[in-house]
1. Just check the range 32-106 against the gyration tensor rule for me: Cα atoms, a ≥ b ≥ c as the square roots of the eigenvalues, rounded for a/c under 1.5, and otherwise prolate or oblate depending on whether a/b exceeds b/c.
2. Would you mind checking which residues have amide H under 5 Å from residue 43's amide H? H placed 1.01 Å from N; only 5 or more apart, or other chain.
3. From the phi angles alone, apply the Karplus equation (6.51, -1.76, 1.60; θ = phi - 60°) to the range 125-137 and give each ³J(HN,Hα) in whole Hz, x where the residue is Gly or Pro.
4. In what order do 91, 138, 80 fall by count of nearby beta-carbon atoms within 10 Å, going from fewest to most?
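What follows is calculated from the coordinates using simple rules that are stated; it is not laboratory data. This structure is a prediction, so every number in the text was calculated from the model and none was measured. Every residue, glycine as well, gets a Cβ built from its backbone with ideal geometry; the counts of neighbours run over all protein chains shown.
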Amino acid sequence: MVRDIIFGTIGGLGLFLFGMGLMSEGLKKAAGQTLKQILESMTKKRIIGCLVGAVITAVIQSSSATTVMIVGFVNAGLLTLAQAIPVIIGTNIGTTATAWLVSISGIEAFKITSYALPAVAVGFTMQTLARRPSVKNTGQKFYERRFCRN
């Protein structure tokens, strides 16, 4: 019983980190120089960077994934550390706001899990059947964002 919990936790954490790394790599491959220009323009001002972090977190519903992507962008040279800090602060704000909205809305009829398998199918299809690398990488991001989430 305890062993299953420990192994499940360690395995789940490993899978989560692996998935976040794959998603970051797919995003970097798909975006390139265009992403760098967009990120620079959106993070010139700290307040805007903070809002960007909150919005991205609200869209993908994972502050951990957003933070891993931001760290990956810094490692890839797409962002500077000074640009990344407000975005990461924004991810924390986005997570708090999202949790607050979910808790006050009380919507139990809408279950995101009912959309998980179709999202995995779309991402997998794009990743395996597409001919252009940008579409393959977009499918990888789509698949991982839906399937490898915390």
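1. prolate
2. It is none; the list stays empty.
3. 4, 4, 5, 8, 9, 6, 9, 7, x, 5, 6, 4, 5
4. Working: 91 27, 138 20, 80 13.
Placing the least packed residue first, the sequence is 80, 138, 91.
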